[in-house]
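Structure record follows, encoded as structure tokens.
Laboratory data are not the source of any read-out in this text; all were calculated from the coordinates shown. Given the structure is predicted, the values throughout are model-derived calculations rather than measurements. Don't worry about glycine lacking a Cβ; one is built from the backbone with ideal geometry, like all the others, and counts go over all protein chains shown.
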Amino acid sequence: MKTITLFASLLFAIIGNAQNDLTINPTILSPLNGCYLSSTEDVEFYIINTNTFPYSGTIQVGYILNSGTPVIETISVFMGSGATYDYTFPIPDDFSACQEHDLVAWVYDVNDPNHINDTINVTVISDCAPVVGWITGPDTLCFGNNQDTLELAGYVGNINAWETSTDGGVSWGSISTSNATLPINNITNEVDVRIIVESQWGYCPNDTTAWHHIALDQLSYAGILPADFDICDNGNAGILQTTGFTSQIVDWLYSFDGGTTWQNQGHPYDTISYLNFTGDVQVMVSAINGTCPIDTSNVLNLTYIPGTQAGTLSGPTLACNWNNEGEIVSTGNYGDVVQWWYSIDSGATWTPSILGSGDSIYNFIGLTSSTWFSAEIKYGNCPSEFTTPHMITVKPVNVQITPDTTITQGDNIQLHASANGATGFSWWPDDFMNDPSSSDPNVEPEFTITYFVQITDLDGCKDTADVTVTVVPDISLLSIPNLITPNGDGYNDHWQIKNLEGFPEAEVTVFNIYGQIVYASAPYNNNWGGEYKGKQLPDGTYFYILDLKIPESDPEYLPPLQGAVTIAGND
């Protein structure tokens with residue numbers, strides 16, 4: 001070491017030349033330990049004359065900073081007995097590096113009898129502000145169910161204390177520890193954490209980290225599944241739902257072996273549908289809230305039971321049209337008859353019957369067409385099942401009859417009715433009919449009439465049909481007078497059209513020679529006596545239109561008749 005070599009050479013050079021004993025005060029005046037010393041710090045210390053007599057002479061002072069190049073100055077001093085001399089080196093030195101600076105200082109007088117106390121070793125600390133770094137660790141934990149660690153990273157300095165606040169930083173509590181880690185265990189309040197960091201040697205002000213907030217997730221809760229229920233072997237379906245849950249649904253789990261193993265369904269929703277389980281099933285739902293452990297619901301037990309069985313129907317398979325009644329019986333079913341259904345289109349569509357609900361016997365009456373019947377059976381909450389349809393064939397007689405026809409009054413017509421296997425005929429009414437038990441009776445009605453026939457076949461089934469015979473008047477018998485004499489002599493006082501009663505809807509309109517209507521009637525009752533507004537019309541010729549109201553489709557149709565009628569005998 002350079003300093004030791006220098007001291008040794010000086011020591012040997014002055015042996016035997018002792019005069020005064022000079023020394024340096026171990027406590028230097030400058031620089032002192034501090035925060036951020038500068039690059040221009042003065043080096044200052046006291047030189048002490050330890051003799052009892054004054055000292056005057058030329059001495060050498062010097063120092064070495066951090067094993068660097070020696071700084072040496074030669075000065076002339078005078079000190080009284082026991083006096084001190086305050087010396088500052090003329091050129092400041094650099095103490096700005098944040099470290100412990102090693103300063104070796106000395107005083108040298110060739111005649112100094114004791115060089116042992118000429119040198120001092122001083123440590124000068126230039127401290128730097130702490131680097132607070134940052135807090136690492138969880139920012140969210142599970143309420144009351146947590147264990148973790150916070151750690152201060154990237155800091156330079158010493159940890160003074162950890163501080164925590166549960167009221168948003170209004171107040172802080174201190175945890176006296178110098179550890180860079182802080183364990184967390186089952187906290188139940190959201191908390192803010194910060195750390196006070198000191199500088200390395202404590203000469204700079206403390207600093208505090210940014211707050212690290214730890215939020216809390218509430219405990220996971222998967223909710224409640226419904227009460228246990230049965231599922232049926234003839235089909236089961238529905239929707240399961242968890243209620244009251246407060247967390248994110250993770251999945252539904254099924255067990256088909258009494259809970260020994262569970263199968264995930266990959267269904268993160270609060271409802272799940274099921275369809276046709278084939279055995280006992282246990283169901284759970286799982287949910288999670290943030291950092292909290294997964295929670296599972298109660299176990300729902302679905303018990304597989306025998307379900308509805310439809311059984312069979314029995315009853316007659318043949319019935320006569322209209323004239324029929326009987327019963328259909330449901331047997332062998334497991335469950336109750338909740339509805340009877342029927343179809344008249346061979347099962348294409350079905351209609352619920354208003355009869356027989358809840359009864360195992362269905363009474364039918366008056367069927368008019370072949371009909372299928374089925375019973376809807378239901379056991380408890382199990383799906384309904386329908387019996388195999390029971391068909392009753394309704395046997396029509398299929399009557400063939402003369403179509404509706406029109407005849408002229410005074411004419412006759414032979415009616416005809418027939419059916420396969422017909423054994424008897426009965427016509428009604430029998431007015432104007434020669435033989436109501438014949439298949440081909442003759443009729444000569446005087447007015448329009450509808451005839452009915454009932455036919456009985458070999459199986460005793462009966463059916464009916466009808467035919468309408470429309471009787472129209474003979475238009476050739478219609479006679480329209482061209483003169484009326486309303487003089488009150490009882491002869492030809494009214495305009496009476498002969499045989500008009502065969503046309504009950506006939507309408508009459510009468511005009512004067514100026515085209516004005518002087519009379520109109522619908523229908524006309526053969527009672528006009530030449531009046532107009534209650535007074536007799538003057539004698540003269542008038543014109544009429546007579547509309548017999550025969551439909552254009554009628555073979556007897558005539559367009560309205562027109563002509564003239566004369567009034568005479570009033571003047």
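Results, tabulated for the structure shown:
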| quantity | calculated |
| --- | --- |
| Among Ile550, Asn492, Thr448 the positive-end extreme of the charge dipole of region 419-571 (Cβ point charges) | Asn492 |
| Likely footprinting exposure, Cys461, Cys204, fewest C-beta neighbours within 10 Å first | Cys204, Cys461 |
| Ellipsoid semi-axes in whole angstrom, largest first, where each is sqrt(5λ) of the Cα gyration tensor of the chain | 140, 43, 16 |
| Rg and Dmax of region 11-108, Cα atoms only, in Å | 14.8, 46 |
| Nearby lysines by direct alpha-carbon distance to Lys498 (threshold 26 angstrom, same-chain neighbours under 8 apart not counted) | Lys533, Lys535, Lys549 |
| Environment charge of Gly380, counting only residues whose C-beta is closer than 11 Å and scoring Lys/Arg +1, Asp/Glu -1 | -1 |
| Residue-averaged 222 nm ellipticity for the chain, from DSSP H runs of 4+ at -39500 (n - 2.57), nearest 500 | -500 deg cm²/dmol |
| Using alpha-carbon coordinates, inclination of helix 2-14 to the longest axis of the chain, degrees | 10 |
| Cα point-scatterer Debye curve for region 477-571, base-10 log of I(q)/I(0) at q = 0.19, 0.22, 0.25 Å⁻¹ | -0.89, -1.15, -1.43 |
| Within straight-line cross-link reach of Lys378, lysines at Cα separation under 16 Å, skipping those fewer than 8 residues along the same chain | none |
| Convex hull volume per residue for region 251-299, taking Cα atoms only, in Å³ | 84 |
| Note, ³J(HN,Hα) from phi for region 300-313, Karplus 6.51, -1.76, 1.60, rounded to Hz, x at Gly and Pro | 9, 9, 9, 9, 7, 10, x, x, 4, 10, 6, x, 9, 10 |
